[in-house]
Amino acid sequence: YWFDQYVMKELKYNTQLNYRNIIDKYIEPSIGKFRLQAIAPAAIQHLVDNLPTDKLAKHTVEIIVTVIKKAFKMAVFPYQYIKEDPALYIMMPRYAEDSEELYRKSRDHLKIITMSQFEQIVDLTPPFSPFYMPLMISFNTGMRRGEVAGLEWDAVDFDERRILVKQQMIQHEKGKWELATPKTKKSYRSIEIGDQLVRILREQRHRQSENRLKYGKYYTDTNFVCTHENGKPCTPNSIKYEADKIGKEVNFPFNFHSLRHTHATILLENGADYKQIQARLGHSRIATTMDTYAHATREKQRETANIFDNIFSNSSHNA
């Protein structure tokens with residue numbers, strides 16, 4: 001009832017799909033047999049405690065718990081199906097956040113790539129490839145797949161050297177898509193871009209002009225930055241397809257979201273602070289940024305310790 005009355009009416013298409021999957025895969029099998037009034041806190045805590053945390057990222061578990069808490073809260077009010085919320089005091093499973101193993105795994109889990117690996121991907125992606133522009137834009141800005149697909153030329157400011165993220169392309173079934181508002185309020189943002197991406201964007205605009213003449217009446221004329229040679233827009237699904245194809249060709253873990261994580265990690269490891277990264281990526285909460293890139297925090301902590309150690313070892317008191 002909550003899914004039909006709230007999720008389907010108020011939330012975005014991709015969130016609807018995500019929540020439907022969570023309900024079908026994790027919630028329904030565990031507590032679907034209970035009548036609503038009979039569900040006790042212990043049953044819900046049992047559901048949460050038995051989530052496969054060895055296979056699920058902490059953020060995924062947080063989303064599952066959020067779905068549970070939101071639904072039961074609304075069952076109390078405004079739906080008034082139950083008088084007390086059995087999910088009110090549910091606790092998250094414990095994650096060994098300070099363990100060395102977590103720091104070793106996080107980089108692999110996020111599929112972060114090195115500059116050498118990025119160059120391997122570029123070698124497989126010539127400028128005329130439909131994946132070239134999505135690759136370059138996301139690597140240089142950290143933009144999400146839907147944001148890259150939905151980027152139009154009027155959101156690219158060459159004079160100010162910035163990209164305005166003000167919409168995303170959402171993929172529907174059977175190849176259909178639509179333009180929608182960004183994921184959250186924080187996702188509306190202005191991203192400063194460097195000379196290299198400016199040059200690549202100018203070359204893309206010129207390439208589109210040439211293709212427009214080449215294809216003539218067969219050219220699909222749109223205002224999108226990322227297009228196929230015939231002008232048809234690169235959709236989120238087509239971008240995922242191209243990224244997955246490259247992922248099978250290279251000898252390291254890679255998907256399109258790797259580019260967003262790699263962008264943030266490179267910035268953090270080279271001195272950018274979390275507030276800047278949060279704004280650039282469009283995260284709603286800085287905690288999301290800090291949790292996601294804990295591995296980079298660990299690296300900076302080591303660097304800080306080494307700086308102090310070097311100063312102390314060279315001091316007269318340690319002679």
**Q.** Condition met for G271 (among the small types (G, A, S), open to solvent by 20 Å² or more (accessible area, probe 1.4 Å) and at pLDDT below 95)
**A.** yes
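Taking the stretch 169-186 on its own, how many of its residues are more than 8 Å from S284 (Cβ to Cβ) and either assigned to a helix (DSSP H, G or I) or within 15 Å of the chain's Cα centre (by Cα) (or both)?
Residues of the stretch 169-186 that are more than 8 Å from S284 (Cβ to Cβ), as a first pass: 169-183.
Cutting the leftovers down to either assigned to a helix (DSSP H, G or I) or within 15 Å of the chain's Cα centre (by Cα) (or both) gives us 169-170, 173-175, 182-183.
Residues flagged as more than 8 Å from S284 (Cβ to Cβ) and either assigned to a helix (DSSP H, G or I) or within 15 Å of the chain's Cα centre (by Cα) (or both) within the stretch 169-186 amount to 7.
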Q | Evaluation of Q120 against (1) of a type in the set (S, T, N, Q); (2) open to solvent by less than 40 Å² (accessible area, probe 1.4 Å); (3) assigned to a helix (DSSP H, G or I); (4) modelled with pLDDT of 95 or more (one fails), failing number | A | (2)
Q | I137 being out of contact with any Phe, Trp or Tyr (no Cβ under 9 Å at 6 or more places or on another chain), open to solvent by less than 60 Å² (accessible area, probe 1.4 Å), modelled with pLDDT of 95 or more and not charged (D, E, K, R) | A | yes
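Scan the stretch 30-39 for residues that are open to solvent by less than 90 Å² (accessible area, probe 1.4 Å) and either touching a Ser or Thr at 6+ places or on another chain (Cβ under 9 Å) or not hydrophobic (A, V, I, L, M, F, W, C) (or both) and jot them down. Break it down into steps so the answer makes sense when it comes.
The initial filter retains those residues of the stretch 30-39 that are open to solvent by less than 90 Å² (accessible area, probe 1.4 Å), namely 30-32, 34, 36, 38-39.
Within the stretch 30-39, S30, G32 meet the criteria.
Here is a list: A75, A42, A71. Which entry is among the aliphatic types (A, V, I, L, M), open to solvent by 60 Å² or more (accessible area, probe 1.4 Å) and part of a helix (DSSP H, G or I)?
On the way: A75 fails: open to solvent by 60 Å² or more (accessible area, probe 1.4 Å); A71 fails: open to solvent by 60 Å² or more (accessible area, probe 1.4 Å).
Matching residue, one of A75, A42, A71: A42.
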Q) Looking only at the stretch 221-249, which residues are surrounded by fewer than 14 Cβ atoms within 10 Å (Cβ to Cβ) and part of a loop (DSSP other than H, G, I, E, B)? A) D221, T222, N223, N230
(Q) For K55, only one of the following conditions fails: (1) open to solvent by 50 Å² or more (accessible area, probe 1.4 Å); (2) in contact (Cβ under 8 Å) with a residue 12 or more places away in the chain. What is its number? (A) (2)
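The values are calculated or read from the model by the stated rules, or taken from the named source; none is laboratory data. The shown structure was predicted, so the numbers you read here are calculated from the model rather than taken from an experiment. Note that each Cβ is placed from the backbone with ideal geometry, even for glycine, and that neighbours are counted across all protein chains shown. Accessible surface is based on the protein model in full, side chains and every heavy atom, while ligands, DNA and RNA are left aside. Shrake-Rupley method; radii C 1.70, N 1.55, O 1.52, S 1.80 Å.
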